[in-house]
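Contents: one structure, followed by commentary.
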Amino acid sequence: MQIIDGKKISSEIKKEFAQRCAGIIDCGERAPHIAAILVGTDPASQSYVNSKEKAAKSVGFTSTVYKLDEKTTEKQLIELIDFLNEDDEVDGFIVQLPLPKHINTDKVINRINPKKDVDGFHPHNLGLMVTGDGVFFPATPLGIIKLLKRSGIEVEGKHCVVVGRSNIVGTPISIMLSRNFEYGNATVTICHSKTKNLEFYTKQADILIVAVGKPELIKGDMVKEGVVVIDVGIHRIPDDSEKGYHITGDVDFKEVSKKASHITPVPGGVGPMTIVSLLQNTLTAYEKFGKNK
Ligand code: GUN
């Protein structure tokens, strides 16, 4: 069994980005610039945004974070988005989700200039991905594809079973793996909350991608020998340890790792790759749309 080490792979990719960024600056051009908007004080969201900022700065990008009060109105948020849409010094930005309940998430995402949508969440970019003309791919699916690729795992002709159909992970990764892309051409089955007899499908997976948000849902008897397992879940489970909690994924690592040929750990698997993909999309925005403004 091999651990797919997202931390190691992501730091290799970050080194490559740092070199590209140094090259850009050596040519006398400004660095790529990513901005993030965080509304409220949700600890998980704060931690994600901090990690994104740290990663962006570590490769030499400029990073700006806008921290807005929980009570920010939709109108105020839209005004900031309009400002960033127009700012030639910002190549791309994200609005960290989830947003407070009084703000309409779809309206906010639709307002982002698709050329700056480095999360790849705008319907325009999702549409381009579906037709095979994608520019920005959602960060977690892009990170999963990079993980598989850099681990030497072929997907063409394989049966990929995706558990979860969220707009951020399950749906886009299913599309990306099934398209006639360089890294696609898989046969894909999507399972979700209404799927009957989940293990019937998970047992058939050559590659199992789990993004469902349920701690340790996938047990050892639900997979076949030699399966490749990508665990997107991350959960803090309270316990009696000194820290008061431990981290787990959507997969029962102890059981499933005994049968898997390759498996991602949680933490240190998919998480670091998501951030790297955001940097990749920022470089794309800079090179394709931003550089010579
Ligand atoms: N919340 C959880 N994951 C993500 C992500 O990839 N992007 C944004 N903007 N919010 C998130």
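The values are calculated or read from the model by the stated rules, or taken from the named source; none is laboratory data. This structure is a prediction, so every number in the text was calculated from the model and none was measured. A quick note on method: Cβ atoms are made from the backbone with ideal geometry, for glycine too, and the neighbour counts reach across all protein chains shown.
Any residue in the stretch 221-229 that is assigned to a loop (DSSP other than H, G, I, E, B), surrounded by 15 or more Cβ atoms within 10 Å (Cβ to Cβ), at pLDDT 95 or above and more than 16 Å from the ligand (Cβ to nearest atom)?
So the first thing to find is which residues in the stretch 221-229 are assigned to a loop (DSSP other than H, G, I, E, B), and the list is 223-227.
Still in the running and surrounded by 15 or more Cβ atoms within 10 Å (Cβ to Cβ): 223, 227.
From what's left, at pLDDT 95 or above: 223, 227.
Narrowing further to those that are more than 16 Å from the ligand (Cβ to nearest atom): 223, 227.
Checked against the condition, which is being assigned to a loop (DSSP other than H, G, I, E, B), surrounded by 15 or more Cβ atoms within 10 Å (Cβ to Cβ), at pLDDT 95 or above and more than 16 Å from the ligand (Cβ to nearest atom), the stretch 221-229 yields at least one hit.
Hand me the list of helices (runs of 4 or more DSSP H) wholly inside the stretch 91-203 holding 1 or more residues that are surrounded by fewer than 17 Cβ atoms within 10 Å (Cβ to Cβ) and over 16 Å from the mean Cα position of the chain (by Cα). Please lay out each step first, then the result.
Values: elements: 105-111, 123-131, 139-150, 170-178, 198-202.
The helices (runs of 4 or more DSSP H) meeting that bar are 105-111, 123-131, 198-202.
I need a count of the residues in the stretch 19-42 that are out of contact with any Pro (no Cβ under 9 Å at 6 or more places or on another chain), over 16 Å from V118 (Cβ atoms) and within 16 Å of the ligand (Cβ to nearest atom).
Total satisfying the criteria: 1.
Enumerate the pairs (first residue in the stretch 32-50 and in contact (Cβ under 8 Å) with a residue 40 or more places away in the chain; second residue anywhere and polar (S, T, N, Q) and within 11 Å of the ligand (Cβ to nearest atom)) with beta-carbon separation below 7 Å, excluding pairs fewer than 6 apart on the same chain, so at least 6 apart or on different chains.
Short answer, once both residue conditions are applied: A36/Q96; I37/Q96; L38/S45; L38/Q96; S45/Q96; Y48/Q96; V49/Q96.
Among the numbered criteria (1) within 16 Å of the ligand (Cβ to nearest atom); (2) out of contact with any Gly (no Cβ under 8 Å at 6 or more places or on another chain); (3) not small (G, A, S), which single criterion is violated by F83?
(1)
Which ones in the stretch 124-172 are more than 16 Å from the ligand (Cβ to nearest atom), touching a helix residue (DSSP H, G or I) at 6+ places or on another chain (Cβ under 8 Å) and aliphatic (A, V, I, L, M)?
Selection gives V130, V135, V155, V161, V162, V163.
Of S45, S63, S11, which residue is within 16 Å of the ligand (Cβ to nearest atom), in a helix (DSSP H, G or I) and among the polar types (S, T, N, Q)? Can you show your working first?
Numbers: S63 fails: in a helix (DSSP H, G or I); S11 fails: within 16 Å of the ligand (Cβ to nearest atom).
It is S45.
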